[in-house]
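Worksheet for the structure shown next.
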Amino acid sequence: MKDTLILGIESSCDETAASVVKNGRTVLSNIISSQIDLHTLYGGVVPELASRKHIEKINQVIRLALEEAGVTLDDLDAIGVTYGPGLVGALLVGVSEAKAIAWAKDIPLVGVHHIEGHVSANYIEHPDLEPPFMCEIISGGHTHLVLVKDYGEFEILGRSRDDAAGEAFDKVARAIGLGYPGGPKIDKAAREGNPHAVELPRPHITNEIREGSGVSKRARDGSEGKYDFSFSGLKSATLNYLNKCAMTGQTVSQADVAASFQQAVVDELVENAMRAAEDYQTETFAIAGGVAANSALRRAMKEACGKRGIRFCYPSPIFCTDNAAMIGVAAYYDYIKGIRSGWDLNAVPNLKLGER
């Protein structure tokens with residue numbers, strides 16, 4: 001049987017990436033051009049700068065991905081590209097490039113949902129992993145708990161009602177002087193700190209609905225919303241602690257604040273996940289997204305799953321952050337299902353999981 005080769009392209013935020021994937025499981029190349037140094041100067045991603053840098057780098061990373069894989073554009077069976085969610089200008093660069101290549105070489109174009117790509121990263125290092133399973137996707141822009149019913153088919157059980165976990169990491173890291181990107185810096189600093197040094201709240205979503213409270217009415221009947229997340233209050237409590245210390249002249253330990261905040265986030269992510277896993281009698285649980293690279297989260301989730309006899313899957317850190325290999329994998333399963341995108345494929349910055 002002939003191998004199926006997919007070129008994956010990812011440009012949803014501040015990484016310009018290209019990858020060649022064989023048969024949906026084997027990564028032949030994975031090239032990532034990061035913009036972290038550029039955006040660190042501004043304390044976060046500047047959308048216009050990100051778009052310009054994608055334009056500069058995209059042809060280069062695709063060329064390198066093909067060279068590393070030992071293939072040419074003529075060997076490809078399809079092009080997979082992230083078309084949402086993400087920064088609209090950044091997405092447009094990848095989508096335009098993918099459309100141009102697909103048109104020039106007369107090969108199929110497959111638009112990929114970014115979050116679906118993150119889930120698919122687990123297939124790379126767990127070749128025997130097959131749906132159904134449960135997955136928690138934790139990144140700078142999203143926190144989702146989903147049932148993966150089949151390739152490309154999801155049931156959303158819970159999501160963040162305010163800040164995503166990664167967003168909260170970035171804001172707290174900036175507040176304690178660690179800078180951008182927050183996730184890796186807090187993870188590193190926390191190793192030297194006491195996770196119980198600062199008393200911080202553990203947010204719990206209830207099914208109470210109060211007029212004007214801003215709480216989602218999806219939770220009214222008690223059947224939905226019970227696995228949702230909220231990190232805004234935790235972030236605010238951490239910032240309030242820092243402000244109090246500043247006003248009273250107390251010394252702030254970066255490491256202790258980082259460790260305490262990280263522990264509170266991990267507790268929430270693990271508790272919610274395991275409650276859902278028990279309710280749905282899940283046999284396999286996976287994590288994905290940039291925050292899935294957090295060492296404390298991986299340890300805690302592994303321990304929690306082990307206690308319950310649940311198989312725990314997670315990608316290597318390189319496949320947790322934005323990359324094109326995960327996009328190539330997701331595109332492969334859409335491709336073999338016969339899913340194709342037209343020349344009218346466009347960037348959809350607020351694309352919801354499950355939408356096409």
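The values are calculated or read from the model by the stated rules, or taken from the named source; none is laboratory data. A quick note: this is a predicted structure, and the numbers were derived from the prediction, not measured. Glycine gets a Cβ as well: all are built from the backbone with ideal geometry, and neighbour counts include every protein chain shown.
The table that follows gives values for the structure above.
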quantity	calculated
One residue from 231, 261 being aromatic (Phe, Trp, Tyr), within 23 Å of residue 159 (Cβ to Cβ), modelled with pLDDT under 95 and crowded, with 17+ Cβ neighbours inside 10 Å	231
Condition check for residue 256: surrounded by fewer than 19 Cβ atoms within 10 Å (Cβ to Cβ) and at pLDDT 95 or above	no
Residue identified as aromatic (Phe, Trp, Tyr) and modelled with pLDDT under 90 among 151, 123, 180	180
Residue in the stretch 32-53 that is under 16 Å from residue 117 (Cα atoms) and not acidic (Asp, Glu) present	yes
Sole residue being out of contact with any helix residue (DSSP H, G or I) (no Cβ under 9 Å at 6 or more places or on another chain) and not β-branched (Val, Ile, Thr), chosen from 132, 201	132
Evaluation of residue 270 against (1) at positive phi; (2) without any contact (Cβ under 8 Å) to a residue 40 or more places away in the chain (one fails), failing number	(1)
Count of the stretch 68-92 residues which are in a helix (DSSP H, G or I) and more than 27 Å from the chain's Cα centre (by Cα)	3
Any hit, the stretch 324-343, residues being of a type outside the set (D, E, K, R), closer than 18 Å to residue 141 by Cα, surrounded by fewer than 23 Cβ atoms within 10 Å (Cβ to Cβ) and not assigned by TED's automatic domain parsing to the domain that holds residue 146	no
In the stretch 97-115, residue farthest from residue 325 (Cα to Cα) [restricted to those that are part of a helix (DSSP H, G or I) and under 22 Å from the mean Cα position of the chain (by Cα)]	98
Listing of strands (runs of 3 or more DSSP E) fully contained in the stretch 127-181 that carry 3 or more residues being of a type outside the set (Gly, Ala, Ser) and more than 24 Å from residue 27 (Cβ to Cβ)	143-150, 153-159
Those helices (runs of 4 or more DSSP H) lying entirely in the stretch 244-356 with at least 1 residues over 23 Å from the mean Cα position of the chain (by Cα)	254-279, 295-308, 325-336
Residue that is closer than 15 Å to residue 347 by Cα and touching a residue at least 60 places away in the same chain (Cβ under 8 Å), where the choices are 117, 84	84
Residue in the stretch 113-131 that is surrounded by fewer than 17 Cβ atoms within 10 Å (Cβ to Cβ) and among the β-branched types (Val, Ile, Thr) present	no
Some residue of the stretch 30-46 being modelled with pLDDT under 95, among the hydrophobic types (A, V, I, L, M, F, W, C), surrounded by fewer than 17 Cβ atoms within 10 Å (Cβ to Cβ) and touching a Leu at 6+ places or on another chain (Cβ under 8 Å)	yes
